[in-house]
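Data block below; observations after.
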Amino acid sequence: MANLSPLHRGIKRVRRFRSVARLGSGFAQWITAAGWLLLITFGLDWLTKMDSVERIVLLALEAIVLVWLFKKHLLPALAVRENLIGLAAQIEMHHDVHSDLVAALQFNDSAASQYGSDELRGRVVEDTVKLSANIDYLFGFSRPELWKSLLRGVATVGIVIAVACYVPDYFNIFLKRLTLQQEAYPTKTVILSLETVEANAVVGRPVTFVVRVDNSKVVPQAGILTIHGKNDAESELALLPGSNPSEFTVTLPRVIDEFEVSATIGDDVHPRTKINILQVPRVELAMNAEIPQYAVESFNVKSTGGRIQSVLAGSNVTPSLTASKPLQSATMLLGEEEFELVKKENAWVMPIDDHPLIGVESTTKYQISVIDTDGISPDRPITGILQVRPDQNPRIAAATVINLVLSGAAPRIKFRAIDDFGIDAVTADITITRVGMDTSDDTITKMINESDAHAKLVDDIVPIDLAEFDLNIGDTVLVTLQVTDYRGQQEGITIPSDPIEFTVTSRANFLAAMRDIDSETDDKLDQIIKAQLGVGERQ
């Protein structure tokens, strides 16, 4: 058999060309689609300023389209494997070579079973060898279609490059936005920042927003601050020029819950910024009072919500402060003196054991100010007045039926002594002035009443025995009752009654005076005593 190498080489050349043509055409079509999708994405993103979620959705759809185009145009081209016989048949068709190429290939295949005349097969092969050297194997195959696909692809790439060169800043930002970076396209107006004047936004308080723009760019007359609340609720506030030409401000009168804000000034939009809302610390003040032991059973501490309104003088009052948030500092102002409270366990307390509220003796104003760890203080400091009720002095009143006495008599004195919390003792001071003497004898003190019960009221009649004083007619005896109240470990206060003066007289004069005394004498003495003590006895 003759050598068919030129035919084999020619057919393989056709196979390579067709493979390159298929791949080139498919790749060009895929590049064309990808380029236009890129340009469409660029236009949509530039015009609509898509956020990250919208960009992710659009990129996902485009990825699906590109995968579909890859499967449609490139995978088939990669999968096709053409054999020499089929390509030979196509070459015959293009050159009108009536099946000699296919027959020669089949007759020249030693591995295939052969039929018919050997001479005829040899003649066909020899004629094909002569013919194969002059065949244009690529004639008739679709070169124009390949060039059209490549031209479309190159044109698309050129358009993409032209757009990128025409607006390089925009295209560069677009490429960054494709990677989901938070970049913004250049605008005539450039917003530099969106901030709050206050360090923190606090519930119930106003917050002022300041938007700064680049004053080397276009600066409009006003802008809009959009507030994005819960459930997609939105509201708008007008941003007006501030004190600085490059600033716009607006105040939200009252903050209630967390929200986001965005600003639109000119053609620039500042992305949403989340505003975290901080709570005002709720402060609870406890004023713990330890009143003197002797008054525990009788004195009721008046308080409201842990804050004492009234205590007894001499009480030890210990303030204790708790808050709903961690505190940075707490101070207490007592009168003109300020104390820095210290944290002890879960409360803030006085740093010293000896302060003005220990053994407090007078009504005291106080004020407490706190700052939490976020730098927030309550709208108003805690203020109050600690009313200090003094332990009132005891009172005593005494009266007698008749002021004329016999020298050896024992006149009776009716008295009543009262005190807030208890009487410790009642004594009588007796002073004698004798006839013909300018000065009195020394005063004699006698215990009249002393009880461990420390009653608040002592109502009694006490006789004053004069026999032991060796009195004469005309001598005078001055009796003053004194009451001392009970104040525990402290020394009580002693208060005297009005003095009662007795004059020693003769029996005749005494009897004459006694005739004027009637049966209502005791009632009259009670009235006299009550008048001396005053209306409204204290218990």
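Rule-based calculations on the coordinates, nothing more; no lab input. Quick caveat: nothing in here was measured; it's all calculated off a predicted structure. Cβ placement follows ideal geometry from the backbone for every residue including glycine, while neighbour counts extend to all protein chains displayed.
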Sorted by chain and then number, the residues having a modelled amide H within less than 5 Å of the amide H of Glu198, at least 5 places away or on another chain, are Thr208
Residues whose built amide H sits under 5 Å from the amide H of Ile358, excluding neighbours closer than 5 in sequence, are Val317
Percent relative contact order for the range 215-369, counting Cα pairs under 8 Å at least six residues apart, stands at 16 percent
Expressed in nanometres to one decimal, the distance between label points 7 Å along Cα→Cβ at Ser451 and Leu44 is 10.1 nm
Among the range 448-471, those whose backbone N falls under 15 Å of a label point 7 Å along Cα→Cβ from Val435 are 470-471
The rounded separation in angstrom of the Cα centers of the range 166-217 and the range 466-496 is 92 Å
Phi angles of the range 54-66, converted by Karplus (6.51 cos²θ - 1.76 cosθ + 1.60, θ = phi - 60°) into ³J(HN,Hα) in whole Hz with x for Gly and Pro, give 5, 5, 4, 5, 5, 5, 5, 5, 5, 4, 5, 5, 5
Beyond 23 Å (Cα-Cα) in this structure, taken from Lys148/Lys176; Lys49/Lys72; Lys456/Lys530; Lys72/Lys176; Lys217/Lys274; Lys49/Lys274, we find Lys148/Lys176; Lys49/Lys72; Lys72/Lys176; Lys217/Lys274
Sequence order, the range 171-184: Karplus ³J(HN,Hα) from phi using 6.51 cos²θ - 1.76 cosθ + 1.60, θ = phi - 60°, Hz rounded, Gly and Pro as x, gives 5, 5, 5, 4, 4, 5, 5, 5, 8, 6, 6, 8, 9, 10
Per the 1/(1 + (r/R0)^6) rule, R0 = 35 Å and r from the Cβ atoms of Glu260 and Leu175, FRET efficiency to 0.05 is 0.80
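Compute the FRET efficiency between Gln309 and Val53 as 1/(1 + (r/R0)^6), taking r as their Cβ-Cβ distance and R0 = 45 Å, and round to the nearest 0.05.
0.15
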In nanometres, the difference between 0.36 nm per residue of separation and the alpha-carbon distance of Phe70 and Ile495 is 141.6 nm
Spelling it out for Leu341: with amide H atoms placed in the peptide plane at 1.01 Å from N, the residues 5 or more places away or on another chain with amide H under 5 Å from its amide H are Ala330, Thr331, Met332
